[in-house]
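Encoded as structure tokens, the structure appears first; notes follow it.
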Amino acid sequence: MAHDRSSRPRMSLNSNEKDIQATTAAGGEAVAELDADSWPALLAPRLAQFAGVARHEHVTRAAHQLAVPQSTLSRAMVRLEQDLGVALFARHGRTLSLTPAGRAFLGTVERALAEIERAAESVRADADPGGGKVAFGFLHTLGSETVPGLIRTFRADHPRIRFQLVQNYGEAMIDRLRAGDLDLCLTSPVPDAPDLVARRLDEQKLRLVVPEDHRLAGRRRVRLAEAADEFFVTLEPGYGLRRITDALCAEAGFTPRVAFEGEEAETLRGLVAAGLGVALLPPPAVPRPGVAELTVTAPRAVREIGVAWLDGHHDTPPVTAFKRFLLSRRGQLIPR
């Protein structure tokens, strides 16, 4: 049956018309819009059939390999040529040979089919219960000790599961959850948003970090209000720890005077050691020379840490397994 092409413009592979409307993806690659009249929507179902016929140069043998009736395959090739407006095959009785246009088309089609094959195998591999992938985000301050310990423990029972690890601040990770780039993230404060599911896992004490020659350095405990006149070094606005610092200082009755803002907790520790201010920070993985770390007795200086994921997101078996593992670590997430 001939394809009725009277209702739409003639298409050409070299046309600059909007038969295939390309947009730009995040990575800068052209992406075809699959509207009903686009070339991908029209041709994709028949590309594998075309490649099979082209490889065999014989409709009967190709039909046997593809498990479709010979008549169906013959009609599909005729319709493909009609849609393209190009002869792809020269016919010699029951055998076929590719025309120059057919050979050029076959090269591109085979590359496209190979990409589809790789894409299918990739997503299947990522979802494999025993050896799939988890895209996992976490705060920089959890990267030196907490997250490596978690993954080591988890992989004792799931040795083939792979991780794509992303370190970032909380708001950036939430954005990546929403974009589908992450399956799960460890963050603080625990987010409260209608499109997210979040579970509190643990809390981590924050310390007032002062230079080793500071007036408070000889103390073990301190009320945060005693640092009201100090300059603070903090993370930049948008970081969860910055919001917690501002909130704790407000609870202690003052607004911190911010001298320096940074993006990483250990950099702030270095600034404190250099005498540039004080900071509220989680404990370091290893002691840092040049500073004293004081327990804050009032207000209660802790940050809650939780795991978050996108509500309604379909979990692969590896993600489900790791999510269950994280939830089982409630109260045991942070090394004491």
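Out of all the residues in region 140-148, is one or more in contact with a helix residue (DSSP H, G or I) (Cβ under 6 Å, 6 or more places away or on another chain) and either closer than 30 Å to residue 303 by Cβ or at pLDDT 90 or above (or both)? Looking for residues that are in contact with a helix residue (DSSP H, G or I) (Cβ under 6 Å, 6 or more places away or on another chain) and either closer than 30 Å to residue 303 by Cβ or at pLDDT 90 or above (or both), one finds at least one in region 140-148, hence yes. Please verify whether region 300-318 includes one or more residues that are open to solvent by less than 60 Å² (accessible area, probe 1.4 Å), of a type outside the set (Lys, Arg), part of a loop (DSSP other than H, G, I, E, B) and farther than 25 Å from residue 212 by Cα. There is at least one residue in region 300-318 that is open to solvent by less than 60 Å² (accessible area, probe 1.4 Å), of a type outside the set (Lys, Arg), part of a loop (DSSP other than H, G, I, E, B) and farther than 25 Å from residue 212 by Cα. Among the residues making up region 225-284, those that are in contact with a Pro (Cβ under 9 Å, 6 or more places away or on another chain) and on the phi > 0 side of the Ramachandran plot are 275, 277. Checked against (1) free of Cβ contacts under 8 Å to residues at least 40 places away in the same chain; (2) surrounded by fewer than 16 Cβ atoms within 10 Å (Cβ to Cβ), residue 242 meets all criteria but (2). Take region 259-281 and flag every residue that is β-branched (Val, Ile, Thr) and more than 26 Å from residue 186 (Cβ to Cβ). Correct list: 278 only. In this structure, is residue 308 in contact (Cβ under 8 Å) with a residue 40 or more places away in the chain and farther than 27 Å from residue 223 by Cβ? Criteria met by residue 308. Number of residues in region 196-224 that are out of contact with any Lys or Arg (no Cβ under 7 Å at 6 or more places or on another chain) and more than 27 Å from residue 278 (Cα to Cα) equals 5. Restricting region 253-280 to residues that are in a loop (DSSP other than H, G, I, E, B), farther than 17 Å from residue 293 by Cβ and in contact with a strand residue (DSSP E or B) (Cβ under 7 Å, 6 or more places away or on another chain), the residue that is most open to solvent (accessible area, probe 1.4 Å) is 263.
Residue 199 fulfils the conditions (1) modelled with pLDDT under 95; (2) closer than 29 Å to residue 311 by Cα; (3) not small (Gly, Ala, Ser) except for a single criterion, (1).
Listed by first and then second residue, the pairs with beta-carbon distance under 8 Å, at least 6 apart or on different chains, first residue in region 250-278 and aromatic (Phe, Trp, Tyr), second assigned to a helix (DSSP H, G or I) and at pLDDT 95 or above, are 254/225; 260/268; 260/271.
Looking across 81, 110, 115, one residue alone is out of contact with any Ser or Thr (no Cβ under 9 Å at 6 or more places or on another chain) and under 30 Å from residue 175 (Cα atoms). It is 115.
Which is within 40 Å of the chain's Cα centre (by Cα), assigned to a helix (DSSP H, G or I), β-branched (Val, Ile, Thr) and at pLDDT 85 or above, of 78, 53?
Every option except 53 fails the conditions.
Elements of the type strands (runs of 3 or more DSSP E) sitting completely within region 123-192 and holding at least 3 residues that are open to solvent by less than 30 Å² (accessible area, probe 1.4 Å) and touching a Phe, Trp or Tyr at 6+ places or on another chain (Cβ under 9 Å): these cover 133-138, 184-187. Taken over region 307-333, residues that are under 18 Å from the mean Cα position of the chain (by Cα) and more than 18 Å from residue 161 (Cα to Cα) amount to 7.
Summed over region 193-225, residues that are within 20 Å of residue 287 (Cα to Cα) and either touching a Phe, Trp or Tyr at 6+ places or on another chain (Cβ under 7 Å) or open to solvent by less than 100 Å² (accessible area, probe 1.4 Å) (or both) total 13. Output yes when any residue across region 110-120 is surrounded by fewer than 18 Cβ atoms within 10 Å (Cβ to Cβ), in contact (Cβ under 8 Å) with a residue 12 or more places away in the chain, in a loop (DSSP other than H, G, I, E, B) and in contact with a helix residue (DSSP H, G or I) (Cβ under 8 Å, 6 or more places away or on another chain), and no when none is. Checking region 110-120: not a single residue is surrounded by fewer than 18 Cβ atoms within 10 Å (Cβ to Cβ), in contact (Cβ under 8 Å) with a residue 12 or more places away in the chain, in a loop (DSSP other than H, G, I, E, B) and in contact with a helix residue (DSSP H, G or I) (Cβ under 8 Å, 6 or more places away or on another chain).
Considering each residue of region 319-329 in turn, at least one proves to be more than 16 Å from residue 185 (Cβ to Cβ), out of contact with any strand residue (DSSP E or B) (no Cβ under 9 Å at 6 or more places or on another chain) and in a loop (DSSP other than H, G, I, E, B). Of everything listed in (1) in a helix (DSSP H, G or I); (2) within 30 Å of residue 178 (Cβ to Cβ), the single unmet condition for residue 62 is (2).
The values are calculated or read from the model by the stated rules, or taken from the named source; none is laboratory data. Every value quoted in this text rests on a predicted model; they were computed, and no experiment measured them. Quick reminder, even Gly has a Cβ in these numbers, built from the backbone with ideal geometry, and neighbours come from all protein chains shown. In case anyone asks, the SASA skips ligands and DNA or RNA and just uses the protein heavy atoms, side chains included. Shrake-Rupley method; radii C 1.70, N 1.55, O 1.52, S 1.80 Å.
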